[in-house]
Amino acid sequence: MAYAKLAQLPVEFGLYSSFMGVLIYWFFATSKDITIGPVAVLSTVTGNVILRAEERLPGVPRDIVASSLAIISGAIVLFLGLIRLGWIVDLISLPAISAFMTGSAINIGVGQFPALMGIKNVNNRESTYKVIINSLKHLGTTDINASFGLTALFLLYLIRFTCNQLAKRFPSRAKTFFFLNTLRTAFVILLYVLFSYLVNRHHRANGTKPKISTLGSVPRGEFANQYLYFALLTSTRIQACSHTQYHDRHHQVFCV
């Protein structure tokens with residue numbers, strides 16, 4: 001749902017489409033080293049395209065723009081796989097990828113800072129430096145949402161640090177601590193969902209706004225086809241795969 005918000009789409013798009021990339025790749029692919037799942041960078045790029053399209057094509061629904069972008073991108077990658085151009089990945093510069101990912105991480109982190117601190121009236125789609133300046137200007141308007149955001153962030157890093165230290169101290173149980181580390185995000189989300197419920201449970205009965213910002217009402221059921229198109233664009237992530245680990249690079253490009 002967070003990735004859908006980055007893509008400037010309603011949260012239900014992410015909720016209903018997040019598993020489609022994994023499901024499709026599981027049927028056709030052969031590499032165990034590729035991680036398939038939503039990724040912040042592509043979601044951000046999709047959001048930028050949607051906002052630009054709204055300026056030039058007013059009245060076109062955002063989901064249609066995202067669906068069209070997904071189909072075009074998927075067709076290009078499929079074409080590269082069919083004509084066996086998987087060798088192109090050998091030419092990708094690692095420093096360029098690292099620079100792109102670092103810049104994207106800074107851009108996304110800065111863009112999420114206002115929501116993390118409960119700061120209103122800051123447009124996080126502006127240039128990164130403008131978001132930083134406006135966030136600092138409105139830092140005095142920080143509210144109780146910051147207590148949730150900062151403590152959750154601290155807990156995520158605390159769990160990772162603790163698991164890494166325990167893995168070094170007890171090498172025989174390193175794999176156990178590794179899996180506990182990978183589950184930290186789910187644990188923190190579930191924990192803070194409980195906290196949010198405890199804090200906000202009476203606001204509807206009292207007719208007041210939630211004390212902690214929430215997503216609000218998320219539509220359920222009715223699984224529209226365009227949700228799947230969003231999945232095809234934002235569900236691909238390739239992590240640290242050596243070329244020698246692929247069974248067939250062309251096959252992997254085709255499946256992705």
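No value in this document is a laboratory result; all are computed from the given coordinates. Predicted model only: the values in this text are computed from it and were never measured. Note that we place each Cβ from the backbone using ideal geometry, even for glycine, and neighbour counts take in every protein chain shown.
A few remarks follow.
- Inter-label distance, Ala152 to Arg56: 3.5 nm, where each label sits 7 Å from its Cα along the C-beta direction.
- Judged by the mean number of other Cβ atoms found within 10 Å, the most tightly packed of the peptides 6-19, 55-68 leads the ranking 6-19, 55-68.
- With 0.36 nm allotted per residue and the present C-alpha distance subtracted, the Ile144-Leu166 stretch has 4.6 nm of extension available.
- Linear extension gain, Leu23 paired with Ile83, 0.36 nm per residue minus alpha-carbon span: 19.2 nm
- Approximate spin-label separation Ile133-Ser98, in nm, with each point projected 7 Å along Cα-to-Cβ: 3.2 nm
- Note on Arg125 and Ile71: their simple-model spin labels are 2.3 nm apart, each label 7 Å out from Cα toward Cβ.
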